[in-house]
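The next block holds one structure in the form of structure tokens; read it before the comments.
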Amino acid sequence: MTIPNVLTLSRIALIPPVVALLWMDDPEMRWWAFGLFAVISLTDWFDGYLARTLDQASKMGALIDPIADKVLVAALIVGLLARGDIAGWDAAGAILILCREFLVSGLREFLAQHDLPLPVTKLAKWKTAVQLIALALLILAPLADPGQLIAISVIWWIATVLTLITGFDYLRSATQHLRSE
């Protein structure tokens, strides 16, 4: 097993502790959840960097890295929704993000069965970065003042819009692949 794949799998293993820390009604635990989430998020960048620089890119890594991203995002969104930390119109954004993530995963799986790749785009990488920043801020939302909550909501909606744009982009790309077959 390559170092990047170990890092990706460790990312997945650290998701339950982050979600568990959300459920502890203690501001200090929110900071711990934020810190652990930040480590997981940086590991997402670092495993890709190592795969490229150590020439350890693999089919397994190409498969599990986007899965790890989606599991992380979905678990945090569900945890934050369940706690009420994502509420109101922001909850609608959360549902849109979850639907897009499942749709793209399904598209990837379907296309893989036909030996058609659906590579990650640069915009999708930016989308993931903005999602992770928004989720990190939402972890700390219970500690924020009203002005900060507005800023967090704006960042959340930027992430939502990027998520929808990349979802439509992948859908268009998948449709073109299927038409050419």
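Only the coordinates and a few stated rules stand behind these numbers; no lab work does. Small disclaimer: the values here were computed from a predicted structure and weren't measured. Positions of Cβ are generated from backbone atoms using ideal geometry, with glycine treated the same way; all protein chains shown enter the neighbour counts.
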For segment 136-152, Karplus-derived ³J(HN,Hα) couplings (6.51, -1.76, 1.60; θ = phi - 60°; whole Hz; x for glycine and proline) come out as 4, 5, 5, 4, 8, 3, x, 9, 8, 8, x, x, 5, 4, 5, 4, 4
Amide H proximity to Asp85 below 5 Å, modelled H, separation 5+ or other chain, gives none
Expected sort for Asp25, Asp65 with the fewest Cβ neighbours (10 Å cutoff) up front is Asp25, Asp65
Taking every other residue with Cβ under 14 Å from the Cβ of Leu9 and scoring Lys and Arg +1, Asp and Glu -1, one gets -3
Residue by residue through segment 17-29, the couplings from Karplus 6.51 cos²θ - 1.76 cosθ + 1.60 with θ = phi - 60°, in Hz, x for Gly and Pro, are x, 5, 5, 4, 5, 4, 7, 8, 6, 8, x, 5, 5
Read-out mean projected area of the Cα convex hull in nm², candidates (1) 10.6; (2) 16.2; (3) 12.0; calculated match is (1)
With x for Gly and Pro, the residue-by-residue ³J(HN,Hα) of segment 113-128, computed from phi through the Karplus equation 6.51 cos²θ - 1.76 cosθ + 1.60 at θ = phi - 60° and given in whole Hz, is 5, 9, 6, 10, x, 10, x, 5, 8, 4, 5, 5, 5, 5, 4, 4
Surrounding charge for Leu42, neighbours by C-beta under 15 angstrom, Lys/Arg +1, Asp/Glu -1, total -2
Residues other than Asp169 with Cβ under 12 Å of its Cβ, Lys/Arg counted +1 and Asp/Glu -1, net out at +4
With only helices counted (DSSP H, runs n ≥ 4, each -39500 (n - 2.57)), the per-residue ellipticity at 222 nm for the chain, to the nearest 500, works out to -28500 deg cm²/dmol
